[in-house]
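Data first, discussion second: the structure below is written as structure tokens.
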Amino acid sequence: MKSILVLFLFVGTFSFGQDEVVYEFGSVQFMERVPNVGTNRVKRMATTINTYISSIVNKGYDDWYASFSDSTIQRVAPHKFKNKFKRLQEYGFHSDSIRVISITQLRKPYANEIGNEYVVVLDFGHDLNVANRVSFDHLKRTDDNTNVRYFSLNVITIDKDFEICIHKYGSDKQNANQQEQW
């Protein structure tokens, strides 16, 4: 019975494709509730997500870079940000319709991040160029990594706002170390 409950909770965490919109702010639709966050904060999270994706679409590197937490900026080598931005532009995002289909709060934040951290899975409604996912895309380590409509990012609370943080999900060693957090 215990294993059935664990399986149900695991499948429930990654069950995508809900049809009912819970929150909608501009072009960002939340298809499920955000754990431990009220409506005003969800609106700020939607703004963060939209700014992040829109800056990639509109080739606004400075706006994209400004969306990261200070901890991420300190942890990631400065020259790598331009490469990450270029890789994300190759995905072919459109910012006119972003659906948040899954949002999971992590037990503890990654590395030197401080605050509540969430893994946010986005559905763009069109195929992305994700044949070789970037290492900070959480879907790289899941069974849904071949779904070309999905992309994930990590969002952290900073005071009353949200910022983007980067993890590295690419290597088996890193995945094994992160397994405790999931």
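Miscellaneous remarks
- The value of relative contact order for region 43-182, using C-alpha pairs under 8 Å at least six residues apart, is 24 percent.
- Inter-part distance, region 70-88 to region 111-163, computed on C-alpha centroids, equals 15 Å.
- Restraint check, K82/K140; K43/K80; K86/K160; K86/K140; K59/K140, Cα-Cα greater than 27 Å: K43/K80; K86/K160
- Computed on region 48-101, with alpha-carbon pairs under 8 angstrom and 6+ residues apart, the relative contact order is 48 percent.
- Taking 0.36 nm per residue of separation and subtracting the current Cα-Cα distance, fully stretching the chain between N112 and E90 would add 5.0 nm.
- Accessible-area composition of region 50-97, carbon plus sulfur, in percent [1.4 Å probe]: 46
- Stretchable slack from Y65 to F25, in nm (0.36 nm times residue separation minus alpha-carbon distance): 12.2 nm
The values are calculated or read from the model by the stated rules, or taken from the named source; none is laboratory data. All values derive from a computational prediction rather than experimental measurement. For the accessible areas, the whole protein counts, side chains as well, though only heavy atoms, and no ligand, DNA or RNA atoms are used. Shrake-Rupley method; radii C 1.70, N 1.55, O 1.52, S 1.80 Å.
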